[in-house]
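Take a look at the structure set out below.
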Amino acid sequence: MTLPTITEDCVRATLEKSTQSDPQLFAEQVMVDLLEDQPMLMAGINSILRPFCKVTDLTEEVGLDSELMLMATFCVLGVTLKAIDAQTFAEEMKEVEND
């Protein structure tokens, strides 16, 4: 699968919408969505992040430094996934208009 090239307008719109909510709540929603919609991907992300958090499971309590790292990771991941979705949707709509 080839990822779409995300336009500047798409990035700006995605960032604008994503930053309207509290970063912690946004990151938590990204985690919940991934757990529900992409459990295998979330398991892979969990295995990558676990050593950085110095815990055996990301459901355990983590220190502030680990909490901030997790929040930043899932905020960036959420913005990325939302931008990919938005760009893909825009390209699909453009194709429909051109048909």
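Values in this text are rule-based calculations from the coordinates and carry no lab data. No experiment lies behind these values; they were computed from the predicted model shown. Heads up, the Cβs are rebuilt from the backbone with ideal geometry, glycines too, and the neighbour counts pull from every protein chain shown.
Points worth noting:
- Near pairs, Cβ below 6 angstrom, 6+ apart or cross-chain, from segment 39-53 (within 19 Å of MET71 (Cβ to Cβ)) to any residue that is of a type outside the set (Gly, Ala, Ser) and assigned to a helix (DSSP H, G or I): MET42/LEU34; MET42/LEU35
- Residue in segment 32-55 that is part of a loop (DSSP other than H, G, I, E, B), surrounded by 12 or more Cβ atoms within 10 Å (Cβ to Cβ) and of a type outside the set (D, E, K, R) present: yes
- All positions within segment 63-80 that are surrounded by 17 or more Cβ atoms within 10 Å (Cβ to Cβ) and either of a type in the set (Lys, Arg) or within 22 Å of CYS10 (Cα to Cα) (or both): THR73, PHE74, CYS75, GLY78, VAL79
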